[in-house]
Structures are given as C-alpha cells and as structure tokens.
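K.L.:
Dumping the structure here so I can ask a few things about it.
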Amino acid sequence: MSAVGTESNPLRVAVIGSGPSGFYTVSNLLKQTDLVVEVDMFDRLPTPYGLVRAGVAPDHQKDKSVTRAYEKSAAAPGFRFFGNVEYGTHLHLDDLKEHYHQVMFTTGSPFDRNLGVAGEDLLGSHSATEFVAWYNGHPDFADRSFDLSQENVVVVGIGNVAMDVARILCKTVDELKVTDIADHALAALSESKVKNVYILGRRGPAQAAFTPPEIKEMGEFAEADVNILASEAVVDANSQKLLDDSNDKNAIKNVETITAYAARENAGKPRQLHIRFCVSPTELVEADGRVGAVKLLQNDLVLDDRGQLKAVATEREEVIPAGLVFRSVGYRGQPLPDVPFNESWGTILNEGGRAVDAAGDQVVGLYTAGWIKRGPSGVIGTNKTCAQETVGLMMQDLQANRMFEPSAPSAEAVLKLIQSRQPDFVSFADWKKIDEAEVAKGLASDRPRVKFTRVADMLEVARS
Ligand code: NAP
C-alpha cells in the first residue's frame, strides 16, 4: 500500500469536540502541503463551535465571528462533521482505531471547580458554568432556573467568566435583547429583582484575572454603577514591585481602571456592582432552607517562596447577605473512556499534546489540544497555537510511522458505522440549516439569531 497521506491512502484523523481547538486542528491539518488528509469531526451536540456558541457571552458577538474561519475549514474537501454523536456512547476508541490513523481530543473543560466551603450545596448556590450555559441556550441547561427574585448576588472569583456572569446580571433587558441570549434567559432576566452584585477577588487589583476590555465594560452599564472601595484599590508595595518588574501590560491597565472606578462618583443607578478585593468566602450561610448570606474573611497578600503573592486569611470577618451565589473559580476537564487522564490537573495526560501514560510513555495515536490539553486558560486565539503545536507532533509521528494501523481506513465505513449507531447524526449541511433557521428567527427581532435550545427542535430543522 502507498504511504499514508497520499491520494490513494489519505491520512485519516478523527477530531473529538468541535470547539475552537477542534477547528484549529482541522485548519492546521488541511493546510499541510503534500499531504492528503481526511478529517472527521465529532461532537455530542448537534451544533458545532463549543464555547464560542455556549460560553462566549451573548453580548460579545464580535468574539463569535471567528466561526467564519471555522466555516471555511468545514467547506474544505476531506472534512466531515458528525454532530449529535458522543465519544464513549456512540463511538469508542476501538472503533476509531479501525478507521483512523490519529485521534485528536479537543473536548474542553466542561466541569466547574468547587470552593470547598460549607454551604456550597445549598439551594441558590450555583456554578458559573451552569448559569453561562443556561443563558447561552445549551440544551443540557435549558431547564435550569436561577432565583432572580433575590436582591443580592455574590459571584466568587475575578476572572473573565465572573465578569460575564456579573455583566449579564447588571445589564438591562434593552441591552440584552439585541443579543443572541437564550429566550428563556431573556424572559427570566426581564423579571430580575437583582439590585446588588458582588464580585469577590481573593487577591488584589494587580492579580485580578480579568482582562482590560472586560473591566472597562463594567463601567459602562446603562443602569448599574460600579463600586470599588478606595482602600481595596490600593496596590501594596509587593504587588507594585512585581508589576514594575514584569511590566505586565494587562495588569497595569487593570490597575488604572480599578483606581479610576474607586474615585468615581456613584450615579445612583438602580443596580450596583461591587468589586471587592482580598476577600475569601469561608461559608455560605443558610436561611430558610437556602443560601442567605456569604461569610468572608479579608486576606493579606503574602509573598510565597516562588515570589508569587498569595492570599492569606486574616481574622477580619464580614457577612454579605445574598440569596444567590455563583462560584466562578475555574473549570476542569472530564475524563474520557480509554484516554489517560491527569486527575489533579483535570486534563488529558500529555506532553505538548501527545497523550502519554502514567509512566510518561507516548500513547501512540492519541493527541489533544485546547483546554483539555493545557487547562482552562487563554483567549480563543490561544487555542490556535495550542492546536498548531499538537499538529506539529502529529506530523512528526506520521513521518516516523508512529500511528494506528486501521484495518478499514475508509470514509464510507465510518458513515455506515455512524448510521447504525446514531441515525440521528447531524452533518455540517444539516447544521447550516439549523444555523440559517436561527438567523432567520433573529432577523425578525433585530437579533443576531434566536437559538434553538432543545435537541429535538434542532433535529426537526435538520431533517426538514
Ligand atoms: P480564570 O481566569 O482562571 O479566573 C479564575 C478566578 O478564580 C481567579 O480570579 C482566581 O483567583 C479565582 N479563584 C480560584 N480559586 C479560588 C478560590 N478557591 N477562592 C476564590 N477565588 C478563587 O478562569 P475563568 O474566569 O473561568 O476563565 C477561564 C479562561 O477563559 C480564562 O483564560 C479567561 O480569560 C477566558 N475567558 C475569556 C473571556 C474573554 O476573552 N472575554 C471570557 C470568558 C473567559 P487567583 O488568581 O487568586 O487564583
């Protein structure tokens, strides 16, 4: 048989997960010169694009425009999409080994991290993950409800996801109704009684994980003021030295914005956003069978032996009454059947994107990119270089003939297999029908799209 990667024997790659890192894998593979590649992408949802659809905030439409580049990749010869097909349910590693030379896992980090404090399981305490997926119309979360009759809401964590959650809570219906926020979320938020939103950062202004555009937006709400205590906006001497030494432009800009907010006059708007620094929740306090307040300790910033500033609790306690709490302290990946996993990192065990076993030896044929490779960090574009790095290793392994030896490396065989295991699979052309129907529904109300939030409704359109 001719070499793998030629016209008569294309390199066959399965990509599991259709978010940004999945699509950057595809574009990197398809641009390899002198190589004939066939890529099949699988996603457990009927819709592609992962967090671009279900994570990026609905009022950040510009960020979603990256899908145009993904559409270009999807239009390339050799690419197929199989939506509504789940690895571990409809497809197993043994199946993939029969039909592909290499398998790439780009399944992201769907789980949230816990705070590890008492009361975290009380009614009214949620992960940001659930809320984000709910307002973005993810079908698994469409039936969730959040008690927006509460006047005080606490968001724990001070990264960009916390900013997204707080922004959606602070915006008016007029600000939200021009976005593609799920209809159920728009309806619930239009009845919101939320008056105070508290964002809690455990460290100081110079260590905030949000990025400058996101903190800037917090000062631009139509009906909400941003509040920062002057005492908490102060940058301590150690932080200032680290800022000066690192010249971290994002952190410097963040500090400038925070300082300006602390000096800003309150305009008396109906909602108040309070961004707090150097505080950590120690308990969610129960009242009437649900969360009623958050107990906090104020923190000092102390240099650790790696020269980093960490939060160390003092004895100064506070209580913030709050009936709704969102923890937004990072995500973690989900272990996948037959794929080595690093439990403490919540990622696939890997070196640069090559899966490895517990002894550090390469697991031939398996690769990873994106959050399930490196953890939940960076912006969408970070996944481009991440996927590029892994594809580089896949090409090295192809040269070295280190890959699966599929007994049936055939596109037709895969189609037959999927038809037998999941007749309700969704092709890219089917997805385009769903996409067009959503955009058409949006046109009527001047919105980018109105999302389908039920798999059955998506399938009905796909089959129409
Ligand atoms: P993140 O940026 O890692 O922020 C997590 C935050 O949680 C940090 O402030 C962290 O504080 C805090 N934290 C962790 N454990 C905590 C604990 N036990 N108690 C209190 N606070 C705790 O994570 P993320 O917000 O989930 O975002 C994930 C990634 O997606 C990030 O790279 C983010 O930039 C990206 N993203 C980007 C956008 C955008 O570009 N607009 C939107 C959403 C998400 P410490 O720093 O002290 O650990």
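The values are calculated or read from the model by the stated rules, or taken from the named source; none is laboratory data. Since this is a predicted model, take the numbers as computed values, not measurements. For neighbour counting, all protein chains shown are included, and Cβ atoms are generated from backbone atoms with ideal geometry for every residue, glycine included. Only protein heavy atoms, including side chains, enter the accessible area calculation; ligands, DNA and RNA are left aside. Shrake-Rupley method; radii C 1.70, N 1.55, O 1.52, S 1.80 Å.
K.L.:
What full-extension length gain, to one decimal in nm, is calculated for Asn227 and Glu86 as 0.36 nm per residue of separation minus the Cα-Cα distance? Don't skip to the end; give the middle numbers.
P.N.:
Details: separation 141, 0.36 × 141 = 50.76 nm, distance 4.50 nm.
Answer, rounded to one decimal: 46.3 nm.
K.L.:
Mind checking the angle between helix 428-444 and the chain's longest principal axis? C-alpha axes, 0 to 90 degrees, to the nearest 10.
P.N.:
Its long axis makes an angle of about 40 degrees.
K.L.:
If you don't mind, there's one more thing I want to ask. What do you reckon, how do Ser190, Ser27 stack up by accessible area (1.4 Å probe), largest on top?
P.N.:
Ser190, Ser27
K.L.:
May I ask for the angle, rounded to the nearest 10°, between helix 382-399 and the longest principal axis of the chain, with both axes built from Cα atoms and the value confined to 0 to 90°?
P.N.:
30
K.L.:
Sorted by accessible area (1.4 Å probe), largest first, how do Tyr100, Tyr331 line up? Each step should come with its number before you reach the end.
P.N.:
Values: Tyr100 0, Tyr331 30 Å².
From most accessible down to least: Tyr331, Tyr100.
K.L.:
Highest mean first, how do 314-321, 5-12 rank when packing is the count of other Cβ atoms within 10 Å averaged over residues? Show your work: numbers first, answer last.
P.N.:
Values: 314-321: 12.5, 5-12: 16.2.
Averaged packing, sorted descending, gives the order 5-12, 314-321.
K.L.:
If you take every DSSP beta bridge whose two residues both sit in the chain, what share of them, in percent to the nearest 5, is antiparallel? All intermediate terms of the calculation are to be shown ahead of the outcome.
P.N.:
Details: 28 of 70 bridges.
About 40 percent, rounded to the nearest 5.
K.L.:
Something else about it: Which percent of the accessible area of the chain is formed by carbon and sulfur heavy atoms (probe 1.4 angstrom)?
P.N.:
Working: 10290 of 20290 Å².
Ligands and nucleic acids excluded, carbon and sulfur reach 51 percent.
K.L.:
Still on this structure: Once the piece of chain linking Glu220 and Lys416 is laid out straight, how much longer is it, given 0.36 nm per residue of separation minus the C-alpha distance between them? Write out the running numbers ahead of the final one.
P.N.:
Numbers: separation 196, 0.36 × 196 = 70.56 nm, distance 5.35 nm.
Gain on stretching Glu220 to Lys416: 65.2 nm.
K.L.:
Can you give the net charge of the other residues whose Cβ lies under 15 Å from the Cβ of Ala387, counting K and R as +1 and D and E as -1?
P.N.:
Numbers: positive: Lys31, Arg354, Lys373, Arg374, Lys384; negative: Glu389.
That sum, taken over residues with Cβ under 15 Å, equals +4.
K.L.:
Around Thr107, under 11 Å between beta carbons, what's the net of Lys plus Arg minus Asp minus Glu among the other residues? Please list the in-between numbers first.
P.N.:
Working: positive: Arg44, Lys373; negative: Asp43, Glu86.
Here the charged neighbours net out to 0.
K.L.:
Compute the projected area of the convex hull of the Cα atoms of the range 276-411, averaged over all viewing directions, and report it in nm² to one decimal place. Please report the intermediate quantities before stating the final value.
P.N.:
Numbers: hull surface 56.4 nm².
With every direction weighted equally, the projected area is 14.1 nm².
K.L.:
Using the alpha-carbon centroid of each, what span in Å lies between the range 374-436 and the range 252-294?
P.N.:
43
K.L.:
Still on this structure, I have one more. When only the heavy atoms of the protein chains count and the probe is 1.4 Å, how do Tyr367, Tyr198 rank by accessible area, highest first? Intermediate values should be presented prior to the final figure.
P.N.:
Details: Tyr367 0, Tyr198 40 Å².
So the residues, ranked largest to smallest area, are Tyr198, Tyr367.
K.L.:
Shifting gears a bit: At 0.692 mPa s and 37 °C, plugging the Kirkwood radius over alpha-carbon pairs of the chain into Stokes-Einstein gives what diffusion coefficient in µm²/s? The partial results should precede the final answer.
P.N.:
Numbers: Rh = 23.8 Å.
It comes out at roughly 138 µm²/s.
K.L.:
With a 1.4 Å probe and all protein chains left in place, how much accessible area per residue does the range 112-328 have, in Å²?
P.N.:
Working: 9580 Å² over 217 residues.
The answer is 44 Å² per residue.
K.L.:
A further question follows. Using only the alpha-carbon atoms, how far is helix 160-170 inclined from the longest principal axis of the chain? Give it as 0 to 90 degrees, nearest 10.
P.N.:
Between helix and principal axis, roughly 60 degrees.
K.L.:
What is the set of long-range amide H partners of Thr282 at a cut-off below 5 Å, with H atoms built 1.01 Å from backbone N?
P.N.:
For Thr282, the qualifying residues are Lys295, Leu296, Leu297.
K.L.:
So, for the range 369-451, what is the accessible surface per residue at a probe of 1.4 Å, expressed in square angstrom?
P.N.:
On the way: 4110 Å² over 83 residues.
On a per-residue basis, 50 Å².
K.L.:
In nm, to one decimal, how far is the modelled label at Asp446 from the one at Lys72, with both set 7 Å along Cα→Cβ?
P.N.:
3.2
K.L.:
Simple spin-label model, 7 Å along Cα-to-Cβ: Glu343 to Asp248 in nm?
P.N.:
3.1
K.L.:
How are the Cα pair distances of the range 385-464 distributed, in percent, across 5 Å bins from 0?
P.N.:
Taking every Cα pair in the range 385-464, the percentages come to 3, 12, 13, 13, 11, 12, 14, 11, 7, 3, 1, 0.
K.L.:
Which residue, chosen from Asn136, Ala263, Gln150, occupies the Cα position most advanced towards the positive end of the dipole of the range 112-328, where the dipole is computed from +1 (Lys, Arg) and -1 (Asp, Glu) charges on Cβ about the Cα centre?
P.N.:
In the range 112-328, that residue is Ala263.
K.L.:
Just the projected area, averaged over all directions, of the convex hull on the alpha carbon atoms of the range 112-328: how many nm²?
P.N.:
Mean projected area for the range 112-328: 12.3 nm², to one decimal.
K.L.:
Quick check on the range 345-405: take the gyration tensor over C-alpha atoms, sort the square-rooted eigenvalues as a ≥ b ≥ c, and tell me if it's rounded (a/c under 1.5), prolate or oblate. Present the calculation step by step, with values, prior to reporting the outcome.
P.N.:
Values: a/c = 3.05, a/b = 1.40, b/c = 2.18.
Since a/c reaches 1.5 but b/c is at least a/b, the shape of the range 345-405 is classed as oblate.
K.L.:
Sort 56-64, 102-110 by packing, meaning the average of other beta carbons within 10 Å per residue, with the highest value first. It would help to have the intermediate numbers written out before the result.
P.N.:
On the way: 56-64: 17.4, 102-110: 25.7.
Put in order of decreasing packing, that is 102-110, 56-64.
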